[in-house]
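What follows is one structure encoded as structure tokens, with my remarks underneath.
The values are calculated or read from the model by the stated rules, or taken from the named source; none is laboratory data. No experiment lies behind these values; they were computed from the predicted model shown. Using ideal geometry, Cβ is built from the backbone for each residue, glycine included, and neighbour counts are taken over all protein chains shown. What goes into the accessible areas is simple: the full protein's heavy atoms, side chains included, and nothing from ligands, DNA or RNA. Shrake-Rupley method; radii C 1.70, N 1.55, O 1.52, S 1.80 Å.
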Amino acid sequence: GFALVTAALELSPRLGEKFGLKILQHVIPTDRKLDDPVARAALLENGLEIAAHFDQRDLVPQFLDRLHGLLQQQENADVKTLAALETVLMQSFRGLRRLGMRNELARLLDEFARTVRPENDQTAIEPERLRVLLRMAGGWFYFGQDRGWADIDLARDVLLEGTLLAEGHVGAMKQTQLAV
């Protein structure tokens, strides 16, 4: 299952292209069997990484389509899931950059930003969600876009207004995590 395919993907650069190409054929069938969005994202990210490693550009669109579908299903995901997804997605950006797939990378980043950012009120983003957006700001800067500054400014405003500190110990911890 998932653990076997993931381990094989991780070993494939050392075991050679023939082995890696054979394992890449198992990524999508394994993804179809998974329910956990973080596990699915990790599997697809590993597939993207190995496809990039062996210069298999024809497989990348299939993995990206599944990743886009996964992100579209996460509109109501909790912040913990979004943070885990962000960590996995930022890893996949390296593989896409290596392949020179800037448009695909920008689309993936944009899709994830829509998933993370609540559409109703831009000023009431909870600190944990704002932390994810701050980590994504680097992706926007990579593209020469200033979109990341809005999230940096919002985080600064949240930190300086001190409302988190008024929430006691939990608020102070959120304040510290956001500042870091």
Which of L89, I152, L134, positive extreme of dipole for the chain (C-beta unit charges): L89
Per residue, how much accessible surface does the range 38-135 expose to a 1.4 Å probe? Answer in Å², no decimals. 45 Å²
Taking each pair of different alpha-carbon atoms in the range 1-106 once, compute 1/r for the pair, average those values, and report the inverse of that mean as the Kirkwood hydrodynamic radius in Å to one decimal. 13.8 Å
Whole Å is fine, so just give me how far the alpha carbon centre of the range 152-172 lies from that of the range 1-66. 40 Å
With Cα springs under 10 Å, the Gaussian network model of the chain assigns the largest mean-square fluctuation among G47, G69, G168 to G168
Which of G162, G139, G20 ends up with the largest GNM mean-square fluctuation for the chain, with Cα atoms connected below 10 Å? G162
Given a Förster distance of 22 Å, the FRET efficiency implied by the Cβ-Cβ spacing of T176 and I152, rounded to the nearest 0.05, works out to 0.80
Stokes-Einstein D for the range 48-136, Kirkwood Rh over Cα pairs, 20 °C, 1.002 mPa s (µm²/s): 157 µm²/s
How far, in degrees from 0 to 90, does helix 169-179 lean away from the longest principal axis of the Cα atoms of the chain, to the nearest 10? 60 degrees
If the cut-off is 23 Å between C-alpha atoms, which lysines fall inside it for K22, apart from same-chain ones fewer than 8 positions away? K33
I'd like the FRET efficiency for T81 and L21, computed as 1/(1 + (r/R0)^6) with the beta carbon distance as r and R0 of 25 Å, rounded to 0.05. 0.20
Largest first, please: the extent of the C-alpha atoms of the chain along each principal axis, to the nearest Å. 58, 33, 29
Selected from L15, L59, L71 as most flexible by GNM, with the chain as the system and alpha-carbon contacts under 10 Å: L15
Which whole-number percent gives the relative contact order of the range 1-82, counting Cα pairs below 8 Å spaced six or more residues apart? 29 percent
